[in-house]
1. Apply 1/(1 + (r/R0)^6) to the Cβ-Cβ distance of residue 82 and residue 236, taking R0 = 30 Å, and write down the FRET efficiency to the nearest 0.05.
2. So if we plug the beta-carbon distance of residue 54 and residue 205 into 1/(1 + (r/R0)^6) with R0 = 41 Å, what FRET efficiency do we get, rounded to 0.05?
3. Sorted from fewest to most neighbouring beta carbons within 10 Å, what does the list 218, 57 look like?
4. What is the ratio of the Cα radius of gyration of region 207-364 to 2.2 N^0.38 Å, where N is its residue count, to two decimals?
5. Nearest 500 deg cm²/dmol is fine: what mean residue ellipticity at 222 nm does the chain get from its DSSP H runs of n ≥ 4 alone, each adding -39,500 (n - 2.57), divided by its residue count?
6. Extension gain residue 121-residue 1, at 0.36 nm per residue separation less the Cα-Cα distance, in nm?
7. Quick one: P(r) of region 116-241 from all Cα-Cα pairs, 10 Å bins, percents rounded to integers, in order of increasing distance.
8. Let's test the formula: R0 of 45 Å, r as the Cβ-Cβ distance of residue 304 and residue 100. What FRET efficiency results, to the nearest 0.05?
Amino acid sequence: MRILIAPDKFAGTLTAVEAAAAIEEGWRRRDPGAEVLVAPMADGGPGFIDVLSAVVDGKLLSVTVRGPLGEETPATVLLAGETAYVETAQACGLHLVEPKQRRPEDASTYGVGQLITAAVDAGAKRIILGLGGSGTNDAGAGLLAALGATAGVGRLDVGAAGLAGLSAVDLGPARERVAGVEFVAASDVENPMLGLRGATNVFGSQKGISDERKPEVDGWLTHFAELADRKTADKKGAGAAGGLGYALLLLGAERVSGIDLVAELTGLKQKASQVDLVISGEGAFDFQSRDGKVIAGVAKVANDAMRPCVVLAGKVLIGSREMRSMGVESAYALVDAVGEEQAFADPHGSLAAVAERVARTWAR
């Protein structure tokens with residue numbers, strides 16, 4: 001039996017690399033002679049650098065940047081020749097702030113600008129940024145401030161709340177700082193930055209912005225866009241990562257699919273054509289999994305190669321009809337197999353146990 005293991009992270013418990021190892025361990029208990037190919041995946045969010053550093057011939061540059069609330073935060077840039085890879089969540093991720101301490105209206109992307117600066121100073125001429133998992137909603141104003149953008153009255157580097165009283169925005173110094181650098185924004189979010197489908201209204205709740213606050217916060221971002229470039233705010237992907245996509249588009253970034261980028265770099269299509277079964281996974285297999293997420297991308301590759309795809313997840317929250325519309329044959333939930341308490345207490349062992357059970361069904 002030849003299998004390809006290509007999971008996403010299990011958020012809060014296992015990285016994609018750790019999840020792949022657990023699945024392989026469990027499968028081999030039942031089928032020790034299996035030929036196993038492993039390709040941990042990411043869609044641009046947390047784990048982006050972890051996954052790419054295993055397949056990209058480059059070196060890691062350690063950097064200390066401002067976290068979302070100004071705290072010193074360690075991060076890394078992956079350098080491969082004149083190309084640099086940046087995981088924006090390392091500087092502005094939701095996971096960097098404890099739930100009770102989150103202040104989304106004050107959270108800034110300044111640290112992302114510092115990561116870009118480090119990459120440019122290291123000689124990068126092309127910077128590929130993975131967008132996702134952000135705890136910020138500042139339209140990327142902090143990033144632009146770190147690169148040299150200035151404001152009249154008001155501040156660009158203190159989160160969305162600082163945008164309320166802006167009198168002017170000058171992006172010239174930021175654009176000069178990165179002149180000649182090509183930017184690629186890797187994200188599968190197609191939302192604009194403003195309005196009902198924008199960053200605040202669609203993604204604000206998961207960052208801690210209450211429904212009552214959303215109109216005012218969206219108004220702050222609208223005010224900023226009117227001073228910087230209103231048309232760009234309507235482009236696809238401008239709303240990614242709390243408007244971080246908008247700031248990158250202002251710098252001339254090209255937007256690409258995060259999962260497609262990672263799939264290409266990991267050789268996912270070629271690997272899928274060499275196996276009998278493709279296994280993916282993530283923490284929660286739900287309706288959001290359809291929208292440019294890892295499982296949807298892996299299932300598409302498997303289907304294009306005419307190989308069955310199964311999913312192992314912490315929780316499975318969609319039905320068989322929805323699964324099959326994505327190209328997933330079957331899905332198996334850890335909480336159903338071992339219970340929620342055990343799944344969180346021992347995620348590696350629980351995932352390995354479920355993989356062993358799946359092998360009983362699928363191994364030949």
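Computed from the coordinates by the stated procedures, all read-outs in this text should not be read as laboratory data. Owing to the predicted nature of the structure, the values given are computational and were not obtained by experimental measurement. Using ideal geometry, Cβ is built from the backbone for each residue, glycine included, and neighbour counts are taken over all protein chains shown.
1. 0.65
2. Values: r = 34 Å, r/R0 = 0.82.
Once the sixth-power term is evaluated, E becomes 0.75.
3. Values: 218 22, 57 7.
The order, fewest Cβ neighbours first, is 57, 218.
4. Details: Rg = 19.8 Å, N = 158, 2.2 N^0.38 = 15.1 Å.
The reported ratio for this selection is 1.32.
5. Working: 16 runs with 142 residues, N = 364.
Here the helix-only value at 222 nm equals -11000 deg cm²/dmol.
6. Values: separation 120, 0.36 × 120 = 43.20 nm, distance 4.79 nm.
This chain segment gains 38.4 nm when fully extended.
7. Bin by bin from 0 Å, the calculated values are 13, 43, 36, 8, 0.
8. Working: r = 45 Å, r/R0 = 0.99.
Efficiency at R0 = 45 Å is approximately 0.50.
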